[in-house]
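Read through the structure below, which is laid out as structure tokens, and then see the notes.
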Amino acid sequence: MKPAAALAACLLMGGCASAAAPIIALAPVEGYLDPAVVRSVGSELTPSPVYPDVEQAVFDSVEPGADRWWLATVHAELRPPGAAQHFDCILNTRLEDRPRPALNRLMNRLLVDSASVTNALAERAPRQRPVAQRPDLQSCIRMDEASRNSPSWPAGGAVAGAVYGEMFAALAPDQAGEVRRRGLDIGASRALCRVNWQADVADGIQIGRAVYEQAAATPEFAVDLEAARAEVAAARAEGLTHPACAAERRALRPVSAPAATPDAG
């Protein structure tokens, strides 16, 4: 596996704590960003502060086993083609139903860039994950010791989610707002899953948008984007739907405030 692809694989496990961090196979492609750009993205940032009360409210908002909890588990898949399914319901299609090589290439290269920037920043300002700092917290995904103790800042899933949201906004401009929102949902899942602090997610979204902006400025990106746009348009014309859309809508529905209790007096 090429070094850049290895970085992306580490991102999928939550970050690279050391050379011993687990590696998942990823298509051996290079990202769009050269090393100097990778080092520059987010270089002016410092980790946002973690406020315990705010973070606890996030953890308390979703019970383990709830619909949103299971969706957070699904959102942990950041690799294409599986990651493309997070956008199926918005686009009314099934992107993973058949090979989409141009879309997979575009997503793979952006994931490599997301991982490269995430890990460069994490090395500069490591912060413990919620599940490492607080053993009482349950994660929605299985984590070994290396991934549990890898850096939390910035949230790699939020970086990738924001990048994918911007990418799909370019591929399907008629649904730009909705796909960008889904990219934010992917990031939010990292905090609900207790693998990143909400502060890490907020920073990750900002960083992801910067990654996409830099990648989109490269000539290679423009070529790949046009090829992927044709595939996405063809997929949307196929008339397929994802069977999990109803469950997804239920998991993402707004939480209603409890009804007020009438004053007995």
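Quick one: putting +1 on the C-beta of Lys and Arg, -1 on the C-beta of Asp and Glu, what dipole do you get for the chain around its Cα centre, in Debye to the nearest 20?
300
Show me the ranking of peptides 114-123, 170-179, 205-214 by mean Cβ neighbours inside 10 Å, starting with the highest.
Answer by packing, highest mean first, reads 114-123, 205-214, 170-179.
Express in nm, to one decimal, how much length is gained between L45 and A222 on full extension, taking 0.36 nm for each residue of separation and deducting their alpha carbon distance. Numbers along the way, then the final one.
Details: separation 177, 0.36 × 177 = 63.72 nm, distance 2.80 nm.
That works out to 60.9 nm of additional length.
Choose one answer from R124, R190, R182: the residue with the largest mean-square fluctuation in a GNM of the chain with alpha-carbon springs under 10 Å.
R124
Can you tell which of A233, A160, A72 shows the greatest fluctuation in a Gaussian network model of the chain with Cα springs below 10 Å?
Comparing A233, A160, A72 in the GNM, the peak value goes to A233.
By average Cβ neighbour count within 10 Å, what is the ranking of 136-149, 53-66 from highest down?
With the highest mean Cβ count within 10 Å placed first, the list reads 136-149, 53-66.
Might you report the magnitude of the Cβ-based charge dipole of the stretch 99-226 about its Cα centre, with Lys and Arg at +1 and Asp and Glu at -1, to the nearest 20 debye?
400
Using +1 at the C-beta of Lys and Arg and -1 at the C-beta of Asp and Glu, which of G161, M143, A227 has the Cα lying farthest in the positive direction of the dipole of the chain?
M143
Highest first, please rank the peptides 83-92, 244-253 by the mean number of other Cβ atoms sitting within 10 Å of their residues.
The packing order, highest mean first, is 83-92, 244-253.
Of the residues L240, L103, L33, which exhibits the maximal mean-square fluctuation in a Gaussian network model of the chain defined by a 10 Å Cα contact cut-off?
Of L240, L103, L33, the Gaussian network model singles out L240 as fluctuating most.
Read-outs throughout are calculated quantities, based only on the coordinates presented, and are distinct from any laboratory measurement. All values reported here derive from a predicted model rather than from experimental measurement. Reconstructed Cβ throughout: ideal geometry from the backbone, glycine too, with neighbour counts over all protein chains shown.
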